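See structure below.
The values are calculated or read from the model by the stated rules, or taken from the named source; none is laboratory data. Keep in mind the model is a prediction, meaning the values are calculated, not measured. Note that each Cβ is placed from the backbone with ideal geometry, even for glycine, and that neighbours are counted across all protein chains shown.
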Amino acid sequence: MMNIGFDIIFFTIIIGSAVACFVLGEEKSQRLMIGTLVGILAGTQLSEAIAKLASTKVDFLSQSNISIALLAVIIIICLLGKNVRDSKWPKSKIKSVIAGLLVGFVLVGYGLALLGDSSFNKLVTEHNLAAIAYNMRLVSLSGLLLWLMASYLMVGKSKR
């Protein structure tokens with residue numbers, strides 16, 4: 001019998017991210033992209049130092065838990081901001097959906113990278129989608145960064 005648990009989670013994260021960006025709109029989806037980029041940077045670069053500091057006081061905090069918590073907190077902080085553009089600026093739902101798909105794929109790939117060794121090895125060896133997402137994480141992160149820059153450059157003219 002085939003275990004499809006990760007595959008469902010994989011598609012749920014990607015489709016859920018695309019639907020969320022469609023609902024949130026272009027400006028919030030741009031903030032979600034920024035939050036994802038900064039969160040991954042913080043999770044990969046700061047988690048080891050924070051884990052060393054926290055391990056003396058709290059036993060259950062691992063480096064992977066701290067990385068995922070940093071990612072989640074930074075994304076939430078970025079999404080809490082107020083929209084800056086007024087309603088006269090055109091907004092594209094297509095750009096938002098593409099941003100959501102990219103964010104979802106990046107979150108899956110780097111979420112796997114942030115897991116502990118035993119969970120990571122089990123997922124990557126048992127699920128082809130996990131291996132693809134992990135191996136393509138740098139490509140998807142580069143695509144997210146390029147799409148973010150392009151979405152800021154492709155702002156339409158205001159309806160005045």
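Quick rundown of the values:
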| quantity | calculated |
| --- | --- |
| The stretch 100-111 residues that are farther than 14 Å from residue 28 by Cα and at pLDDT 90 or above, paired with ones that are of a type in the set (Phe, Trp, Tyr) and outside any helix (DSSP H, G or I) (beta carbon under 7 Å, 6 or more apart) | none |
| Flag if residue 72 is modelled with pLDDT of 80 or more, part of a helix (DSSP H, G or I), over 12 Å from the mean Cα position of the chain (by Cα) and surrounded by fewer than 19 Cβ atoms within 10 Å (Cβ to Cβ) | no |
| Subset tally (residues that are hydrophobic (A, V, I, L, M, F, W, C) and crowded, with 17+ Cβ neighbours inside 10 Å) for the stretch 130-139 | 2 |
| Every residue from the stretch 1-37 that is among the hydrophobic types (A, V, I, L, M, F, W, C), more than 13 Å from residue 107 (Cβ to Cβ) and touching a residue at least 40 places away in the same chain (Cβ under 8 Å) | 6, 19, 22, 24, 34 |
| Residues of the stretch 126-160 classified as at pLDDT below 85 and among the hydroxyl-bearing types (Ser, Thr, Tyr), total | 3 |
